[in-house]
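Read through the structure below, which is laid out as structure tokens, and then see the notes.
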């Protein structure tokens, strides 16, 4: 999807001092031109301190939830250092919740007052699979039960599928009829007969290769043998293609998480994935990736990126693997369906061994993601059906702990470990605290603003945006002229000699359906205003002109302005005319 700044950018001032001050106006225009090298002063050197909130699930060793604990029962360590807990809440059911601030009261007991129910934002993320009817029904019935239990008025749930790119099957809603309709369609698409299990490996290889016809043409031009006739080449080619798809999948998930970053309350993603293992393409190598390919097919970078984004946006991930063990024994697999061929004992044992190794590869990666973000995982329709009620409980019954984190002003990740005084209790929570720089915070706000209202700052910058006439430049290309008018009176300035100086940034991102967006563009502009004319300057604007190039997929535009000195900001969102 195209959505980017054009080459034409300029900064001007409006309603400056009139003809009597023309010389001064020209001087100002020079001062605000792009490429100004002067350093803009910052508003003090004080250390920013934020509250890190960590939601915690506590169970006994049998998996039963433990309620009624106080702040004295917990300890939180960040990068190994014990942190004083400054905020404490327990959320149970609607009938029994509690909350208390524990500043200076390490042994305080929870108050009896009810805590309001947190809003829920749920994304159901499906990578299509083909399951026998009895397994598909079991899976989707359990998902329907989860949705009915957790989604209430004012909550929001979206259903998204992924095949190389995201497709929104249901935009955010609390309308159960619409949700049921989308789930019914997904169940139909996920139900069927996989075919001859012995040939599944070749079928999967062909599917991966066929995703990119150009790849085959390039192989032929290079004089490489046929993919089907060269098993070793087929395996590595298909495995690398799967690695590419995992990368795309992570990008899609991260974009979805950015889309909901501005939502308040609990945020979860139920991630139903077909392939997201420690190594890509293990099924193409008989269950174990050869040593010479392990580094190339390692997915660690993508898993770590997904975890970091989830923790930064406050999202808990529940990975599930609906396929589970693909190959059952002949007696178990037939289940009255004569389309599935009976295999020999040797074939049965061989395929079962491979599938166990594939499952171990998948489940280890899913467990890692769940553990690091505070979720849980399951594989196979039966175990998933048992898991989903726990997901519902996680949204209703948990402890929320808060501690102060001194800021560095930079993007950084810190390790969090939450424990209870009772060693017999099992604690589940996210494992990272992510500090965001001002740039990252503003990018998150602008991306989230594409799809939902994001709360502004206490003194929101009241900038204006003028959209010009859209012009078609090509077969699937349009240019949108924009003017962003920022009032000088809304910007913080600090003394610099005989002038006052400041700096502001304009952020822009375009998007289509949920989870489809461009990169965020950022342009920063330093400026100076003569102190003697400060009052006159306050009546004027900086006008920031730019051209935006878009394609047919671009539906929305989100713009943010950040005062780099005072740190106040403003956000606006627009729906582009149909083209």
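The values are calculated or read from the model by the stated rules, or taken from the named source; none is laboratory data. This structure is a prediction, so every number in the text was calculated from the model and none was measured. In this analysis, Cβ positions are derived from the backbone assuming ideal geometry, glycine residues included, and neighbour counts consider all displayed protein chains.
Looking at (1) modelled with pLDDT of 90 or more; (2) surrounded by fewer than 21 Cβ atoms within 10 Å (Cβ to Cβ); (3) closer than 19 Å to residue 430 by Cα; (4) within 29 Å of the chain's Cα centre (by Cα), which is the one condition that is false for residue 88?
Tallying (1) modelled with pLDDT of 90 or more; (2) surrounded by fewer than 21 Cβ atoms within 10 Å (Cβ to Cβ); (3) closer than 19 Å to residue 430 by Cα; (4) within 29 Å of the chain's Cα centre (by Cα), residue 88 fails exactly one: (2).
All but one of (1) surrounded by fewer than 22 Cβ atoms within 10 Å (Cβ to Cβ); (2) within 25 Å of the chain's Cα centre (by Cα); (3) in a helix (DSSP H, G or I) hold for residue 262; state the number of the condition that does not hold.
(3)
Note down all Cβ pairs under 6 Å where the first residue falls in region 413-439 and is free of Cβ contacts under 8 Å to residues at least 12 places away in the same chain, the second is surrounded by fewer than 20 Cβ atoms within 10 Å (Cβ to Cβ), and they're at least six residues apart or on different chains.
Matching pairs, first to second residue: none at all.
Residues that are at pLDDT 90 or above and assigned to a helix (DSSP H, G or I): does region 454-476 have at least one?
No, because not a single residue in region 454-476 is at pLDDT 90 or above and assigned to a helix (DSSP H, G or I).
Would you point out the residue of region 428-453, among those that are assigned to a loop (DSSP other than H, G, I, E, B) and at pLDDT 85 or above, that is surrounded by the fewest Cβ atoms within 10 Å (Cβ to Cβ)?
Filtering region 428-453 down to residues assigned to a loop (DSSP other than H, G, I, E, B) leaves 429, 431, 436-437, 449-453.
Filter again for at pLDDT 85 or above, leaving 429, 431, 436-437, 449-450.
Details: 429: 22, 431: 18, 436: 18, 437: 14, 449: 25, 450: 24.
Filtering region 428-453 for residues that are assigned to a loop (DSSP other than H, G, I, E, B) and at pLDDT 85 or above, the one surrounded by the fewest Cβ atoms within 10 Å (Cβ to Cβ) comes out as 437.
Working only within region 74-85, note down all residues that are closer than 22 Å to residue 375 by Cα and either modelled with pLDDT of 95 or more or in a strand (DSSP E or B) (or both).
Answer for region 74-85, where residues must be closer than 22 Å to residue 375 by Cα and either modelled with pLDDT of 95 or more or in a strand (DSSP E or B) (or both): 74, 75, 76, 77, 78.
Within region 406-415, is even one residue under 29 Å from residue 79 (Cβ atoms) and out of contact with any strand residue (DSSP E or B) (no Cβ under 8 Å at 6 or more places or on another chain)? Break it down into steps so the answer makes sense when it comes.
Kept after step one, since they are under 29 Å from residue 79 (Cβ atoms), are these residues of region 406-415: 406-415.
Narrowing further to those that are out of contact with any strand residue (DSSP E or B) (no Cβ under 8 Å at 6 or more places or on another chain): 409.
Yes, the conditions are met somewhere in region 406-415.
Among the residues of region 376-395, are any under 30 Å from residue 557 (Cα atoms), in contact (Cβ under 8 Å) with a residue 60 or more places away in the chain, surrounded by fewer than 18 Cβ atoms within 10 Å (Cβ to Cβ) and in contact with a strand residue (DSSP E or B) (Cβ under 7 Å, 6 or more places away or on another chain)?
Restricting attention to region 376-395, the residues satisfying the condition of being under 30 Å from residue 557 (Cα atoms) are none.
Looking through region 376-395, none of the residues is under 30 Å from residue 557 (Cα atoms), in contact (Cβ under 8 Å) with a residue 60 or more places away in the chain, surrounded by fewer than 18 Cβ atoms within 10 Å (Cβ to Cβ) and in contact with a strand residue (DSSP E or B) (Cβ under 7 Å, 6 or more places away or on another chain).
Would you check if there is a residue in region 503-515 being in contact (Cβ under 8 Å) with a residue 12 or more places away in the chain and either farther than 30 Å from residue 156 by Cβ or in the same structural domain as residue 159 (by TED's automatic domain parsing) (or both)?
Within region 503-515, the first condition is being in contact (Cβ under 8 Å) with a residue 12 or more places away in the chain, and the residues that meet it are 503-515.
Then keep just the ones that are either farther than 30 Å from residue 156 by Cβ or in the same structural domain as residue 159 (by TED's automatic domain parsing) (or both); that gives 503-504.
There is at least one residue in region 503-515 that is in contact (Cβ under 8 Å) with a residue 12 or more places away in the chain and either farther than 30 Å from residue 156 by Cβ or in the same structural domain as residue 159 (by TED's automatic domain parsing) (or both).
Out of the residues in region 273-298 that are touching a helix residue (DSSP H, G or I) at 6+ places or on another chain (Cβ under 8 Å) and not in a loop (DSSP other than H, G, I, E, B), state the one that is surrounded by the most Cβ atoms within 10 Å (Cβ to Cβ).
In this case the residue turns out to be 284.
Can you tell me which residue among 506, 516 is at pLDDT below 85 and surrounded by 20 or more Cβ atoms within 10 Å (Cβ to Cβ)? Show your work before the answer.
Values: 506 fails: at pLDDT below 85.
Only one candidate qualifies: 516.
Quick check on region 544-556. Is at least one of its residues in contact with a helix residue (DSSP H, G or I) (Cβ under 9 Å, 6 or more places away or on another chain) and surrounded by fewer than 17 Cβ atoms within 10 Å (Cβ to Cβ)? Give the derivation first.
To start, the set of residues in region 544-556 that are in contact with a helix residue (DSSP H, G or I) (Cβ under 9 Å, 6 or more places away or on another chain) comprises none.
Taking every residue of region 544-556 in turn, none turns out to be in contact with a helix residue (DSSP H, G or I) (Cβ under 9 Å, 6 or more places away or on another chain) and surrounded by fewer than 17 Cβ atoms within 10 Å (Cβ to Cβ).
For region 406-424, what are the residues that are surrounded by fewer than 17 Cβ atoms within 10 Å (Cβ to Cβ), more than 22 Å from the chain's Cα centre (by Cα) and part of a strand (DSSP E or B)?
Hits for region 406-424 are 406, 417, 419.
Of the residues that sit in region 370-388 and are under 21 Å from residue 434 (Cβ atoms) and either in a helix (DSSP H, G or I) or at pLDDT below 90 (or both), which one is nearest to the chain's Cα centre (by Cα)? Please lay out each step first, then the result.
In the first step, residues of region 370-388 are kept if they are under 21 Å from residue 434 (Cβ atoms); the result is 370-375.
The next check asks that each one be either in a helix (DSSP H, G or I) or at pLDDT below 90 (or both); those that pass are 370-373.
Values: 370: 14, 371: 17, 372: 15, 373: 12 Å.
Among them, the one singled out is 373.
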